[in-house]
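Participant: Below you'll find the structure I mean.
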Amino acid sequence: MADDPASLTKETFISKVPKKSPLMLRMIVLVFAMVCGVFICSVCLKQISTRSKVGFMKVEVIDMPCSKPTIDPSDAPFVHFPKPTTYSRAECACHPVRYFAILSMQRSGSGWFETLLNNHTNISSNGEIFSVKVRRSNISTIVETLDKVYNLDWFTSASKNECTAAVGLKWMLNQGLMQHHEEIVEYFKRRGVSAIFLFRRNLLRRMISVLANSYDRDAKLLNGTHKSHVHSHHEADILAKYKPVINATLLIPNLKQVEDTTTKALEYFNSTRHIVMYYEDVVKNRTKLRDVQDFLKVPQRKLKSRQVKIHRGPLSNQIDNWEDVQKALQGSRYETFLNADYRK
């Protein structure tokens with residue numbers, strides 16, 4: 001039987017198709033695999049993103065603000081909840097903190113007074129910070145330093161940063177305070193800072209302390225070391241042996257200058273929330289320390305200091321030219337300084 005041309009052509013065509021089929025199938029499988037891969041990757045990425053968001057949300061829940069105590073509206077400007085940049089206040093974050101500054105003059109008992117405050121478990125007074133000139137070179141450096149103190153980012157041996165209830169510093173009137181008083185008063189009002197004035201009634205005794213301390217800076221009577229404050233009666237007796245000579249001619253003008261500076265300070269900061277304390281009153285009546293604790297709104301504690309008074313006894317034993325000083329002050333408004341109780 002003769003072969004049919006048509007059937008031969010059909011068989012030839014059919015025999016050629018299988019040669020192209022494997023290549024096309026491979027291409028289809030490859031494309032399908034790529035599509036599946038892209039789909040699977042996208043699903044995985046979405047799952048990872050979702051987990052990240054969940055984790056972030058958990059952190060936010062942990063850092064949620066805590067419940068702060070109810071505060072009297074009139075007291076609100078003086079209550080703060082600082083957020084230090086150098087550490088976390090942790091469980092103390094919701095404990096209110098009050099800001100204060102001890103404003104005083106050298107040798108007025110401010111060092112002793114500050115040790116009493118720091119004896120309180122909730123008070124941190126960071127010392128005479130502005131004794132360093134660069135910190136008081138201009139109002140900008142002053143504000144920068146104050147911000148660091150009141151943000152609880154200033155570290156000293158007195159710092160009780162996490163759970164402190166009152167934080168402040170000791171500031172002498174001649175350390176930029178009077179020079180920039182307008183800006184500082186504005187800062188105190190804006191930040192809610194309270195002022196504790198500490199002065200000395202007997203300015204003659206203060207003068208003796210100033211002169212003796214100035215002498216010891218060079219003489220270094222305590223084994224070649226200068227100490228402004230001491231913690232033993234033995235050291236106090238050594239420093240008290242020095243008897244300064246007081247310029248009797250300039251005595252009254254000098255006393256008046258100190259008096260005027262005190263008056264100006266009270267006038268400048270009159271609009272600031274403040275309390276006025278005198279060294280002699282605190283020594284004589286320790287209930288004055290209760291007034292300070294009430295002022296700072298901290299729990300009442302019995303406060304102690306290790307410092308020992310250097311100049312004790314009558315003034316006649318502490319001044320080298322006592323008779324000249326007596327004559328200069330007799331009949332003046334400062335005559336009472338001569339016979340004041342030596343225990344003060």
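Participant: Suppose a student asked you for the relative contact order of region 77-339, using Cα pairs under 8 Å spaced at least 6 residues apart; what percent would you report?
Facilitator: Across region 77-339, relative contact order equals 25 percent.
Participant: For region 96-242, what is the percent of antiparallel DSSP beta bridges, rounded to the nearest 5?
Facilitator: On the way: 1 of 17 bridges.
The antiparallel proportion sits near 5 percent.
Participant: Which of Lys220/Lys264; Lys170/Lys309; Lys227/Lys288 have a Cα-Cα distance over 29 Å? If you can, show how the numbers build up before the last one.
Facilitator: Numbers: Lys220/Lys264 34 Å; Lys170/Lys309 19 Å; Lys227/Lys288 27 Å.
The answer is Lys220/Lys264.
Participant: If the limit is 18 Å between Cα atoms, which of Lys68/Lys148; Lys83/Lys189; Lys83/Lys148; Lys241/Lys327 go over it? Show your work: numbers first, answer last.
Facilitator: Details: Lys68/Lys148 23 Å; Lys83/Lys189 20 Å; Lys83/Lys148 11 Å; Lys241/Lys327 23 Å.
Listed pairs above 18 Å: Lys68/Lys148; Lys83/Lys189; Lys241/Lys327.
Participant: Quick one: if you take sqrt(5λ) for each eigenvalue of the C-alpha gyration tensor of region 233-306, what semi-axes come out, biggest first, whole angstrom? Present the calculation step by step, with values, prior to reporting the outcome.
Facilitator: Details: eigenvalues 179, 118, 13 Å².
Taking √(5λ) for each eigenvalue gives 30, 24, 8 Å, largest first.
Participant: When N counts the residues of region 77-339, how does its alpha-carbon radius of gyration compare numerically with 2.2 N^0.38 Å, as a ratio?
Facilitator: On the way: Rg = 19.4 Å, N = 263, 2.2 N^0.38 = 18.3 Å.
Relative to the rule-of-thumb radius for its length, region 77-339 sits at 1.06.
Participant: Quick one: work out the % antiparallel among DSSP beta bridges in region 77-339, nearest 5.
Facilitator: Numbers: 3 of 24 bridges.
Counting DSSP beta bridges with both partners in region 77-339, the antiparallel share is about 10 percent.
Participant: Just check region 144-218 against the gyration tensor rule for me: Cα atoms, a ≥ b ≥ c as the square roots of the eigenvalues, rounded for a/c under 1.5, and otherwise prolate or oblate depending on whether a/b exceeds b/c.
Facilitator: Prolate shape, in that a/c is at least 1.5 and a/b is the bigger ratio.
Participant: Moving on. Sorted by average packing, counted as other Cβ atoms within 10 angstrom per residue and highest first, what order do 179-188, 261-270 take? If you can, show how the numbers build up before the last one.
Facilitator: Values: 179-188: 16.7, 261-270: 14.8.
The most tightly packed comes first, giving 179-188, 261-270.
Participant: Cα atoms only, region 86-208: Rg and Dmax in Å?
Facilitator: Just the Cα atoms of region 86-208 yield Rg and Dmax of 14.6, 49 Å.
Bear in mind that the values in this text are calculations on the coordinates, not laboratory data. A quick note: this is a predicted structure, and the numbers were derived from the prediction, not measured. Virtual Cβ from ideal backbone geometry, glycine too; neighbours counted across all protein chains shown.
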